[in-house]
Amino acid sequence: MEIEKNFSQTKSPFLSYLSSYAKKMKGELKEEPKINYRDAVVSSLGGLIAIIISSSIALALGYPMALAPIGASCVLVFGAHTGPLSQPRHVLGGHFLATISALIIWSLFHRSLITIAIVLAFVLILMILTKTVHPPAAASAIVAINTGAGWGFLGVILLCAGVVILISTVYNNLFQDRQYPRYWI
């Protein structure tokens, strides 16, 4: 007991910092919320409708690589429709800023590991500063630069993101206990 007391009193600032740093990684014990199965089915059906229509558009226009970020947007918009990252400003603004930034950087510097990393860092700070954070938009940026999709990719991403928002607005509001969007701007 006395040894532990002496050790805690003689702890260096570095060890104290290291100890508090490690404690942060433990996380916090939290109780998981109960699953609302009806809501899960409603969300899944909405996402199904949105991805079928978006996929048809992306494939018809020759940009199948748009399906990954748009599918991720469907998960957020339908599965977490009340969350701030799912609102139209974030979906459209995030995809627009991320994709156009990636295409500009790709046009100037082409694809490399460093340009991919720079695009991600740039897009992240840009979305934070403009309050348009939407994680799937970062995927749009990575896809745009990694595949060299070209400027047509921007139009397809925006069109598909708009379709997801439109379908979510119509579909979610059919149900009394759901509302989308919570805000537009």
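Structural remarks
- Selection status of S107, buried (at least 18 other Cβ atoms within 10 Å of the Cβ), out of contact with any strand residue (DSSP E or B) (no Cβ under 8 Å at 6 or more places or on another chain), in a helix (DSSP H, G or I) and among the polar types (S, T, N, Q): no
- For segment 117-157, filtered to residues that are part of a loop (DSSP other than H, G, I, E, B) and of a type in the set (S, T, N, Q), the residue that is nearest to I185 (Cα to Cα) is T132.
- Look at segment 28-49: where a residue is of a type in the set (F, W, Y), no partner that is open to solvent by 90 Å² or more (accessible area, probe 1.4 Å) and modelled with pLDDT of 90 or more sits 6+ places away or on another chain with Cβ atoms under 7 Å.
- Flag for V91 being of a type in the set (A, V, I, L, M) and open to solvent by 60 Å² or more (accessible area, probe 1.4 Å): no
- Filter pass, G27 being modelled with pLDDT of 95 or more and open to solvent by 40 Å² or more (accessible area, probe 1.4 Å): no
- Test set (1) touching a residue at least 60 places away in the same chain (Cβ under 8 Å); (2) open to solvent by 40 Å² or more (accessible area, probe 1.4 Å); (3) over 14 Å from the mean Cα position of the chain (by Cα) - P135 fails condition number: (3)
The values are calculated or read from the model by the stated rules, or taken from the named source; none is laboratory data. Here the structure is a predicted model, which means the values were calculated and not measured. Here Cβ is always computed from backbone atoms with ideal geometry, including for glycine, and neighbour counts include all displayed protein chains. SASA here: full protein model, heavy atoms, side chains in, ligands and nucleic acids out. Shrake-Rupley method; radii C 1.70, N 1.55, O 1.52, S 1.80 Å.
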